[in-house]
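The structure appears right after this line, and notes come after that.
The values are calculated or read from the model by the stated rules, or taken from the named source; none is laboratory data. What you see is a predicted model, and the numbers here were worked out from it, not measured in a lab. When we count neighbours, we look across all protein chains shown, and the Cβ atoms used for this are built from the backbone with ideal geometry, even at glycine.
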Amino acid sequence: MQELNGKVVLITGASSGIGRATAELLASRGAKVVINYNSNEKGATETVQAIRGHGGDCIAIQADVTNKEQVEAMVQKVVSIYGAVHILVNNAGGGIKQSTFMDMTEELWDETYALNVKSILLCSQAVLKDMLSRKSGKIINLSSAAARIGGAGESIHYASTKGAVNTMTVGMSREFIEHGIIVNGVAPGMVETPFHDKFAPDGNRLELLVASVPMGRAATPYEIAEVISFLASDASNYILGETITVSGGR
């Protein structure tokens, strides 16, 4: 049920972490994978090489997902090469940097919303033009368990963007299901990715947060990728507007 033979999948922010794991997993299940990256060309190249080394069909395209012109050019390129985009995984996003609420600058707030929310708007709009013409497709939005926790003290800006992503997922799912397009989301909790290293290079941050996880450990990127793969496959065809939390019970 989770085979994706012949499906063209565009994954944003796929040069490392969850995006890279998702690209490798979906390619192993037969998908033609397009890796989007912004600045990490080395990571994107390594991912493409790893997938092709196992016989997969994969390309990488650089584009800033907060820039409308670059996003539209990227999608047009994908369609010109593969003929369609069957599945979009809106994975690009991040916390940029921590800040208390009272120290929050307008610039940090706007930049965080551009990366985590505006990017989903732009990428989805560009891909939907193709999906609507075919009356089929799937969009999977990456949220975060932080949306339910709130991010008090250090990341309300980040957590609130993920709350917005959850709302977008529900709204998009209801607007586009009549056109045969299924929209769902995944909300990871603690994951072993460079996301946490950015805020605590010595690893203490992740160690402290893991202590609050009932399962006693962080997820691997591939455990999140498996849920994304499930939503991308026919196994999830009667699931709509849901955001699946994958947090080890946190």
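Could you check, for the stretch 89-101, whether at least one of its residues is assigned to a helix (DSSP H, G or I), surrounded by 19 or more Cβ atoms within 10 Å (Cβ to Cβ) and of a type outside the set (Ser, Thr, Tyr)? No, the stretch 89-101 contains no residue that is assigned to a helix (DSSP H, G or I), surrounded by 19 or more Cβ atoms within 10 Å (Cβ to Cβ) and of a type outside the set (Ser, Thr, Tyr).
The C-beta contact set for the stretch 39-62 (first residue assigned to a loop (DSSP other than H, G, I, E, B), second residue modelled with pLDDT of 95 or more, distance under 6 angstrom, 6+ apart or interchain) comprises 40/15; 56/27.
Evaluate the following for residue 114: is it in contact with a Gly (Cβ under 6 Å, 6 or more places away or on another chain) and surrounded by 16 or more Cβ atoms within 10 Å (Cβ to Cβ)? When the stated conditions are applied, residue 114 does not pass them. Can you confirm whether the stretch 64-87 contains a residue that is touching a Phe, Trp or Tyr at 6+ places or on another chain (Cβ under 9 Å), within 27 Å of residue 44 (Cα to Cα) and either surrounded by fewer than 23 Cβ atoms within 10 Å (Cβ to Cβ) or not basic (Lys, Arg) (or both)? Among the residues of the stretch 64-87, not one is touching a Phe, Trp or Tyr at 6+ places or on another chain (Cβ under 9 Å), within 27 Å of residue 44 (Cα to Cα) and either surrounded by fewer than 23 Cβ atoms within 10 Å (Cβ to Cβ) or not basic (Lys, Arg) (or both), which makes the answer no. In the stretch 197-223, of all residues being part of a helix (DSSP H, G or I) and either closer than 14 Å to residue 250 by Cβ or of a type in the set (D, E, K, R) (or both), the one that is modelled with the highest pLDDT corresponds to 223. State which residue pairs qualify: first residue touching a residue at least 12 places away in the same chain (Cβ under 8 Å) and at negative phi and inside the stretch 107-136, second residue charged (D, E, K, R) and in a helix (DSSP H, G or I) in any location, beta carbons under 7 Å apart, and separation of 6 or more residues or different chains. Note: pairs meeting the criteria are 116/162; 122/68; 126/72. Only a single criterion out of (1) of a type outside the set (Lys, Arg); (2) over 25 Å from residue 182 (Cβ atoms); (3) surrounded by 16 or more Cβ atoms within 10 Å (Cβ to Cβ) is not satisfied by residue 45, namely (3).
Among the residues of the stretch 121-155, those identified as buried (at least 19 other Cβ atoms within 10 Å of the Cβ), out of contact with any Leu (no Cβ under 6 Å at 6 or more places or on another chain) and part of a helix (DSSP H, G or I) are 122, 123, 124, 126, 128, 130, 131, 146, 147. Only one entry in 46, 41, 72 is of a type in the set (D, E, K, R) and either closer than 21 Å to residue 127 by Cβ or modelled with pLDDT under 95 (or both), namely 72.
Any residue at all in the stretch 152-174 that is closer than 23 Å to residue 7 by Cβ, without any contact (Cβ under 8 Å) to a residue 12 or more places away in the chain and not acidic (Asp, Glu)? No; the residues of the stretch 152-174 include none that is closer than 23 Å to residue 7 by Cβ, without any contact (Cβ under 8 Å) to a residue 12 or more places away in the chain and not acidic (Asp, Glu). Residues that are of a type outside the set (Phe, Trp, Tyr) and buried (at least 21 other Cβ atoms within 10 Å of the Cβ) within the stretch 25-39 comprise 25, 26, 27, 31, 32, 33, 34, 35, 36, listed in sequence order.
The residue of the stretch 1-22 that is surrounded by the most Cβ atoms within 10 Å (Cβ to Cβ), among those that are touching a helix residue (DSSP H, G or I) at 6+ places or on another chain (Cβ under 6 Å) and in a helix (DSSP H, G or I), is 22.
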